[in-house]
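Peer 1: One structure coming up, written as structure tokens, with questions to follow.
Derivation of every value follows stated rules applied to the coordinates shown; laboratory data play no part. Nothing here was measured: the structure is a model prediction, and the numbers come from that model. Every residue, glycine among them, receives a Cβ derived from its backbone with ideal geometry; neighbour counts consider all protein chains shown.
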Amino acid sequence: MTHDVQAIGRNFQVEGAFHEAAPFGSGHINDTYRARYDHAGTPRDYLHQRINHHVFKSPEKVMENMQKVTAHIWDKLRQAGEADPARRCLRLIPMPEGGLLHKDADGNYWRTMDCISGVQTYDTVQQPRQAYQAARAFGRFQRLLLDFPASDLHDTIPDFHHTPRRFERFLEVLEADPAGRAASIPGEIQFLRAHQAETARLLDLHAAGELPLRVTHNDTKLNNVLFDGDTGEGICVVDLDTVMPGLALYDFGDLVRTAATTAAEDEADLDRVRMDLSLFRELVRGYLDAVGGALEEAEVRNLAFSARLITLEIGMRFLTDHLEGDIYFKIHRDGHNLDRARNQFALVRSMEAQAREMELIVEECRSCVS
Ligand code: GN1
Ligand code: MG
């Protein structure tokens, strides 16, 4: 569905006259447009974004979280003497009457942000140093939020990374089989059942007091990092919709899922899907360089496992959506969610086959970080 982006833009305090707009990014949930405005002869780019309110049931709360977290990060960057925080943190654009959220006549919720220029994003890693930079960016993000009180944030999607609940939900949908697809995927169902026992491992460690609740990003895909087009530095973390209290390991793991893989998330040729150990090493190094000193022992010990767990969880969510008839994630072809699920399960297998090597890399890297 396309939207009248120009009309949407009029509701925000953008600078300049509307020039053009086009769909932007590769998200599975929201609709994003990059719009160019002409400000006295100088182009000004903004992102206008429709928040999917079927997924984010309370867009106001999403915006409150985002506003608080970006304000906190801006303050910290300023305190640290950062010359240009606008390149390192998202900036939300308010409406003339204040407020950050515009509700249109169709009941859609819109927000606007500055579009940071001179940056690049990647769906898969092209060079090992991008993996290092992405992990450093998310590690820095985690570090900047260490002193942000988790209780100040809304749980905008409860149990977002509660893997055992995700498993229960999968079983419910499997049982109901609303789209009549269950009989065609016995191998995938069997794969998930065989992994049920490990779904609770991180939450159990949290319950035992070994893994702290932190303020986490919860959607740490590689393509949520902006890389400086000149230096290649990972300068800014975006997509703050799901910033909520959570476990840091789910963030690290989700980055491995998307940045240590040799293929895109929906690659259907499973022979191409593999976890690359040298990329994994770059991710561990980058993350520990940025935030290693603040992590608990159990967090470091489970870095490798976290990657398997979240990859399993996301694969399970894709498979659940396939069984439900593709109602949650946007799809661009028949069987898209099934392809994604198979891809993620292949990645889990590859991680399992290299589990020992991954553990050794973590041990090696942690001894280099003070
Ligand atoms: C969704 O829309 P996007 O790509 O930022 C999803 C994440 C999944 C991801 C899988 C709110 O994120 O949890 O990991 O797809 N976001 C939500 O690619 O469910
Ligand atoms: Mg997202």
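Peer 1: Just to confirm my numbers, what's the Cα centroid distance between the range 80-147 and the range 267-307 in Å?
Peer 2: The two parts, judged by their Cα centres, are 23 Å apart.
Peer 1: Next up: Taking +1 at the Cβ of each Lys and Arg and -1 at the Cβ of each Asp and Glu, which of Cys89, His54, Thr311 sits farthest along the dipole of the chain towards its positive end, judged by Cα position relative to the Cα centre?
Peer 2: Toward the positive end, the furthest listed residue is Cys89.
Peer 1: Using a cut-off of 14 Å between alpha-carbon atoms, which aspartates and glutamates can reach Lys330, once sequence neighbours fewer than 8 places away in the same chain are excluded?
Peer 2: Cross-link targets: Asp31, Glu265, Asp266, Asp321, Asp339.
Peer 1: Identify all lysines with a Cα-Cα distance to Lys68 below 27 Å; exclude those on the same chain that are fewer than 8 residues away in sequence.
Peer 2: Leaving aside lysines fewer than 8 places away in the same chain, those within reach of Lys68 are Lys57, Lys76, Lys103, Lys221.
Peer 1: Oh, and also: How would you rank 182-194, 24-36, highest first, on the average number of other Cβ atoms within 10 Å across their residues?
Peer 2: Numbers: 182-194: 13.9, 24-36: 18.3.
Per-residue mean Cβ counts within 10 Å order the peptides as 24-36, 182-194.
Peer 1: Please report the relative contact order for the chain, taking Cα pairs under 8 Å with a sequence separation of at least 6, and give it as a percent rounded to a whole number.
Peer 2: 18
Peer 1: Starting from the range 322-370, pick out the trypsin sites (Lys or Arg not before Pro) whose DSSP state is loop and whose Cβ has at most 13 other Cβ atoms within 10 Å.
Peer 2: Hits after loop and neighbour filter: Arg333.
Peer 1: Quick one: what are the phi-derived ³J(HN,Hα) couplings along the range 184-198, Karplus 6.51/-1.76/1.60 with θ = phi - 60°, whole Hz, x for glycine and proline?
Peer 2: Once rounded to whole Hz, the list reads 8, 10, x, x, 5, 5, 4, 4, 5, 4, 5, 9, 4, 4, 8.
Peer 1: For n ≥ 4 DSSP H runs only, could you compute -39500 (n - 2.57) per run for the chain, divide by its residues and tell me the 222 nm figure to the nearest 500? Each step should come with its number before you reach the end.
Peer 2: Numbers: 12 runs with 157 residues, N = 370.
Helix-only estimate at 222 nm: -13500 deg cm²/dmol.
Peer 1: Additional query: So how do 286-298, 211-223 stack up, highest first, on mean other-Cβ count within 10 Å?
Peer 2: Sorting 286-298, 211-223 by mean packing, highest first, produces 211-223, 286-298.
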